[in-house]
Amino acid sequence: MVAPPKSKFMLVDVKQDLCVIRFTFLNKKKGASKSNPIEDYTTYTYYSITKSQLDFKAAMVKKSDIDLVVGTIITPIKLRFGPFDFSKDISVGSTFGVKYTLNQDKQAALDFLIGVGVSSVTIDSFSTKGKVQKNQDLLAFTPSFGIVIEMGNAQVGLFAGFDFISNANEIKYGWIYQAKPWISFGIGYSMFSFNIKK
């Protein structure tokens, strides 16, 4: 039995000079008809070939270094500018982006992410130019983007983003950091990863 060119299969077992393989999907040819049927290599049928045949006629399919990732991100501390200030405004949100694998064995990767979430923003007399005398906590919409180093499922990286409180609160309190950029170190955990095949 001869398999069609470029057929893909899985190496199941190796015993001395014999290899057990299983085809993963059909290699369909264009122009097939009833008079010229295509051989059906199903995923439930196993075949035995010699190791020399495997080494000479087969090549390993390389996994793509690029994946799509979806996860969550937490930014516990923010550095704000104009004027410069430290902030404990915690942001929690979802992220998605592209992961580039650096080392398959150590599962090291570099992620380029876009995030959308909410923040607990503390406004005070300084950040409202005297309109608020006592500290108040408001919710803000927080888009962000960042670069993350990933080791296994753990993530740590540098993020930048913007906080937007509602228009009514902006008019009422005059928050000086409305829509101004901030920088933060983020920690997170990757939940899903989708491989892009080459």
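The values are calculated or read from the model by the stated rules, or taken from the named source; none is laboratory data. Values in this document were obtained by computation on a predicted structure and should not be read as measured data. Cβ: placed from backbone, ideal geometry, glycine included. Neighbour counts: every protein chain shown. Please note that ligands, DNA and RNA were not included when accessible areas were found on the heavy atoms of the full protein model with its side chains. Shrake-Rupley method; radii C 1.70, N 1.55, O 1.52, S 1.80 Å.
Values computed for the structure shown
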read-out: Which listed residue, of Phe126, Phe112, Phe84, is closer than 21 Å to Gly152 by Cβ and either of a type in the set (Phe, Trp, Tyr) or open to solvent by 60 Å² or more (accessible area, probe 1.4 Å) (or both); value: Phe112
read-out: Subset of the range 149-173 (residues that are among the acidic types (Asp, Glu) and either in a loop (DSSP other than H, G, I, E, B) or within 31 Å of the chain's Cα centre (by Cα) (or both)); value: Glu150, Asp163
read-out: Every residue from the range 130-146 that is farther than 23 Å from Phe185 by Cβ and open to solvent by 100 Å² or more (accessible area, probe 1.4 Å); value: Lys131, Gln133, Lys134, Asn135
read-out: Selected residue (only one of Thr128, Thr122, Thr72 is closer than 19 Å to Ile147 by Cα and among the polar types (S, T, N, Q)); value: Thr72
read-out: Residue check, Asp40 at pLDDT 85 or above and open to solvent by 50 Å² or more (accessible area, probe 1.4 Å); value: no
read-out: Answer residue from the range 44-99, given it is among the hydroxyl-bearing types (Ser, Thr, Tyr) and within 29 Å of the chain's Cα centre (by Cα) and is nearest to Arg22 (Cα to Cα) among those; value: Ser64
read-out: Any hit, the range 150-161, residues being of a type in the set (Asp, Glu) and without any contact (Cβ under 8 Å) to a residue 12 or more places away in the chain; value: no
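Quick grid of which residues meet (1) touching a strand residue (DSSP E or B) at 6+ places or on another chain (Cβ under 6 Å); (2) more than 16 Å from Ile77 (Cα to Cα); (3) at pLDDT 90 or above:
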site	(1), (2), (3)
Tyr100	yes, yes, no
Asp105	no, yes, no
Ser120	yes, no, yes
Ile123	yes, no, yes
Ser127	no, yes, yes
